[in-house]
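Right, one structure below, let's go through it.
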Amino acid sequence: MEYAVAVLVLLALVALVVVRPLLRPGEGERRDDARREELEAAKEAKYREIRDAELDFGMGKVSEAEWRASDRELRGQAIEILRELDRHGGGEGGQGGGQPLP
């Protein structure tokens, strides 16, 4: 009799472990969605930085050498953000990083 109870308890525990992820659907998806949103915001912020640097150069606030160095660094950072977005399934519909760099 004790053996049967032990087996039932063990089966119940196994069933609980197997069913538990089904009780909380989407937790991983919510984390992925939150990370994608963070990356989208970072992408837009980086695009703004690139446009601001171009504007500063156009207005003569920075030299061409300074602008080129800054532009190269900012675009490299933007590419890394886009790559990470691709690894996380991209933006809407899994299409990757979205718009091209400005």
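What the table shows:
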item: Yes/no for residue 83 being of a type in the set (Lys, Arg), modelled with pLDDT under 95 and open to solvent by 90 Å² or more (accessible area, probe 1.4 Å); result: no
item: Given (1) at pLDDT below 90; (2) loosely packed, with under 10 Cβ neighbours inside 10 Å, index of the condition residue 91 fails; result: (2)
item: Where a residue in the stretch 56-80 is without any contact (Cβ under 8 Å) to a residue 40 or more places away in the chain and farther than 18 Å from residue 45 by Cα and its partner, wherever it lies, is basic (Lys, Arg) and part of a helix (DSSP H, G or I), with Cβ under 9 Å and at least six apart; result: 57/68
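The values are calculated or read from the model by the stated rules, or taken from the named source; none is laboratory data. Quick caveat, the model's predicted, so the values are computed rather than measured. Note that we place each Cβ from the backbone using ideal geometry, even for glycine, and neighbour counts take in every protein chain shown. The accessibility values were calculated without ligands, DNA or RNA, using every heavy atom of the protein model including side chains. Shrake-Rupley method; radii C 1.70, N 1.55, O 1.52, S 1.80 Å.
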